[in-house]
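In what follows, a single structure is set out as structure tokens and then discussed.
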Amino acid sequence: MYHKTPESITVTEAIKKMEHYCAYQDRCHKDVSQKLTTMKLIPEAKEKIILHLIEHNFLNEERFAKSFARGKFRIKKWGKQRIVRELKFRQISEYCIKVALKEISENDYLETFHEIAEKKFNTISETDTYRKRKKLIDYLLYRGWENQLVFEKINDLF
């Protein structure tokens, strides 16, 4: 019996697979390109598939950036700096990043920041004030919250 090898995938089959891949969850061009590389397609076929996905709205960088920003903010409680860093890592344009950040309302943003800062402050069992401050600062900065917000909050809490 004949088994298909990964190298013998047709462009049509690859398009179907990639349509499903993009429909399941918003993807960026970099994700799609990496996925196509694993399929061992020639560069011309990869270009053709990416073009097809864009034309049929399976691949939309702006939509990806918006849903990424909303999701990372709501679910992971990331600050704007971390979201921007991750979007840049995925080679998203400055324009799409700006549009994506508008998805987060300023009120929700500040409310979430204060909520996680206070929650974390109350869970740090460190008795040394200096160490407790450092742990909280590191935690908030790692999650991508702006320096000025972090230090204002630190001054309020200590």
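The numbers here are math on the coordinates, done by the rules we state, and not lab data. Just so you know, these numbers come straight off a predicted model, no measurement behind them. Cβ sites come from the backbone with ideal geometry, for glycine too, and all protein chains shown count toward neighbours.
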Charge sum, other residues only, whose C-beta stays under 13 Å from residue 57's C-beta, Lys/Arg counted +1 and Asp/Glu -1
-3
With no solvent and one equal point scatterer per Cα, compute the Debye intensity ratio I(q)/I(0) for the range 106-157 at 0.21, 0.28 Å⁻¹ and report its log10, rounded to two decimals.
-0.69, -1.20
The Rg/Rh figure for the range 39-122, Cα atoms and Kirkwood Rh, to two decimals is 1.14
Given the options 68, 113, 89, state which has the largest fluctuation in a GNM of the chain using a 10 Å cut-off (strictly under) for Cα springs.
89
Hey, for a label at residue 9 modelled as a point 7 Å past Cα toward Cβ, could you say which residues of the range 51-79 have their backbone N under 18 Å away?
51-54, 58-59
Report the label-to-label distance for residue 108 and residue 44 in nanometres (one decimal), using points 7 Å from each Cα along the Cα→Cβ vector.
4.6 nm
The chain: angle of helix 29-38 to the longest principal axis, Cα-based, in degrees nearest 10:
50 degrees
How much mean residue ellipticity at 222 nm does the chain get from its helices, if each DSSP H run of length 4 or more adds -39500 (n - 2.57) and you divide by all residues, to the nearest 500 deg cm²/dmol?
-22000 deg cm²/dmol
For the range 6-55, one quarter of the surface area of the C-alpha convex hull, expressed in nm², comes to 3.1 nm²
List the aspartates and glutamates whose Cα sits under 19 Å from the Cα of residue 46, skipping any in the same chain fewer than 8 residues away.
7, 13, 19, 26, 31, 55, 61
Rg/Rg_globular for the chain, with Rg_globular taken as 2.2 N^0.38 Å and Rg from C-alpha atoms:
1.41
